[in-house]
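Sharing a structure with you now.
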């Protein structure tokens, strides 16, 4: 055995020219820590791209890299990894990935920490362990998860970060002209309403490309049903997050009532959160976020989706590309994959911070080559590391 010798953690804060989802609305204020709330969905964001990197090294010097979800409070997640999770990892066999994941989860879930920052921290460690495990085996991660089904992954364009409805519609047309056939817009910044937004986009795109809408949990079930039904005349393909994430009954009601596919899941952390939503038929599509779930949790949820005949369109959050690579590797194994989200304003901007040949072009993601995840952080990203108290 080549035991794990060290676990290091690096919280990052990377400047970006335009905040996520586009320019700030009038009257929005930014705190001294760089945070603000989007009035369209009442959710907190940062003017920077935050991330947390995890580095695990064995006695012989083999290295695995992970990354986790840290839109806000990256140092909180980093402290959990450093102070609470590291004892579950150090000295362990790097091939015991799922066992270590379960040990970390079991340590705190009965105290209410079956979500949030704690499980985000587990996800970063789990991704690093899978990267290390795969590198030691000399194989890409997808090969160790049961076999590669996809050489490339269909991608949908996520987000149209422009100031006006017509500008966003024109941007959608630019992406279609580049070879993409599915576009998602965000209700939180559709200031003239979702119906006006989809009308403008459909007029710009014509009848072929698919349109998805992220409703950002804004509506009651009844409100969502009425709105989605009105948008179906413009051939709405997917209605994402139509009502609040806790509202299991409302999610099921919307799914039964509308013709568009209903998608949920970016906010959930474990298969245990997905299970009641499968049994109550709350969605047609799940959107697992590997930066919340880790490879272990992500793959568990996708396997359960297959058993319930539910499709998968993985979510892609803010990061430098390490967990994005993990998500692509795991998605390459899935028989029920439809699309993978392409957050172009994040992926393209931050791709310079990782090595490898991962890319998205003409409607498809291409997996990075080589063993493990196929990517590693470049030295340039470490100039953005935040101090940990």
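When residue 343 is evaluated against the numbered criteria (1) in contact with a strand residue (DSSP E or B) (Cβ under 9 Å, 6 or more places away or on another chain); (2) buried (at least 23 other Cβ atoms within 10 Å of the Cβ); (3) under 30 Å from residue 213 (Cβ atoms), which criterion, by number, is the only one it fails?
(2)
This table checks each residue for (1) surrounded by 20 or more Cβ atoms within 10 Å (Cβ to Cβ); (2) in a helix (DSSP H, G or I).
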| site | (1), (2) |
| --- | --- |
| 328 | yes, yes |
| 349 | no, yes |
| 356 | no, no |
| 365 | yes, no |
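Could I ask something else about it? Mind checking whether some residue in the stretch 62-72 is touching a helix residue (DSSP H, G or I) at 6+ places or on another chain (Cβ under 9 Å), at positive phi and in a loop (DSSP other than H, G, I, E, B)?
no
Looking only at residues that are part of a loop (DSSP other than H, G, I, E, B) and in contact (Cβ under 8 Å) with a residue 60 or more places away in the chain in the stretch 73-94, which one is farthest from the chain's Cα centre (by Cα)? First the steps, then the outcome.
Residues of the stretch 73-94 part of a loop (DSSP other than H, G, I, E, B): 73, 90-94.
In the following step, the residues that additionally are in contact (Cβ under 8 Å) with a residue 60 or more places away in the chain were identified as 90-94.
Working: 90: 28, 91: 30, 92: 28, 93: 28, 94: 25 Å.
Looking at residues that are part of a loop (DSSP other than H, G, I, E, B) and in contact (Cβ under 8 Å) with a residue 60 or more places away in the chain, I get 91.
Please determine whether any residue of the stretch 158-170 is in the same structural domain as residue 9 (by TED's automatic domain parsing), in contact with a helix residue (DSSP H, G or I) (Cβ under 8 Å, 6 or more places away or on another chain) and over 26 Å from residue 72 (Cβ atoms).
Taking every residue of the stretch 158-170 in turn, none turns out to be in the same structural domain as residue 9 (by TED's automatic domain parsing), in contact with a helix residue (DSSP H, G or I) (Cβ under 8 Å, 6 or more places away or on another chain) and over 26 Å from residue 72 (Cβ atoms).
Another question, if that's okay. Filter the stretch 142-186 down to the residues that are farther than 24 Å from residue 241 by Cα and in contact with a strand residue (DSSP E or B) (Cβ under 6 Å, 6 or more places away or on another chain) and list them by number.
Answer for the stretch 142-186, where residues must be farther than 24 Å from residue 241 by Cα and in contact with a strand residue (DSSP E or B) (Cβ under 6 Å, 6 or more places away or on another chain): just 152.
Every residue, every condition in (1) touching a helix residue (DSSP H, G or I) at 6+ places or on another chain (Cβ under 9 Å); (2) surrounded by 15 or more Cβ atoms within 10 Å (Cβ to Cβ), yes or no:
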residue: 92; (1), (2): yes, yes
residue: 99; (1), (2): no, no
residue: 118; (1), (2): yes, yes
residue: 133; (1), (2): yes, yes
residue: 138; (1), (2): no, no
residue: 149; (1), (2): yes, no
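Quick check: is even one residue across the stretch 190-206 in the same structural domain as residue 293 (by TED's automatic domain parsing) and closer than 22 Å to residue 312 by Cβ? Please lay out each step first, then the result.
Step one: filter the stretch 190-206 for residues in the same structural domain as residue 293 (by TED's automatic domain parsing), giving 190-206.
With the extra rule that they be closer than 22 Å to residue 312 by Cβ, the set shrinks to none.
Within the stretch 190-206, none of the residues are in the same structural domain as residue 293 (by TED's automatic domain parsing) and closer than 22 Å to residue 312 by Cβ.
Another question, then. From (1) crowded, with 21+ Cβ neighbours inside 10 Å; (2) modelled with pLDDT under 95, pick out the condition that doesn't hold for residue 105.
With respect to (1) crowded, with 21+ Cβ neighbours inside 10 Å; (2) modelled with pLDDT under 95, residue 105 is out only on (2).
The values are calculated or read from the model by the stated rules, or taken from the named source; none is laboratory data. Note that the structure is predicted; figures quoted are calculated from it, not measured. Because the Cβ atoms are built from the backbone with ideal geometry, glycine has one as well, and the counts that use them run over all protein chains shown.
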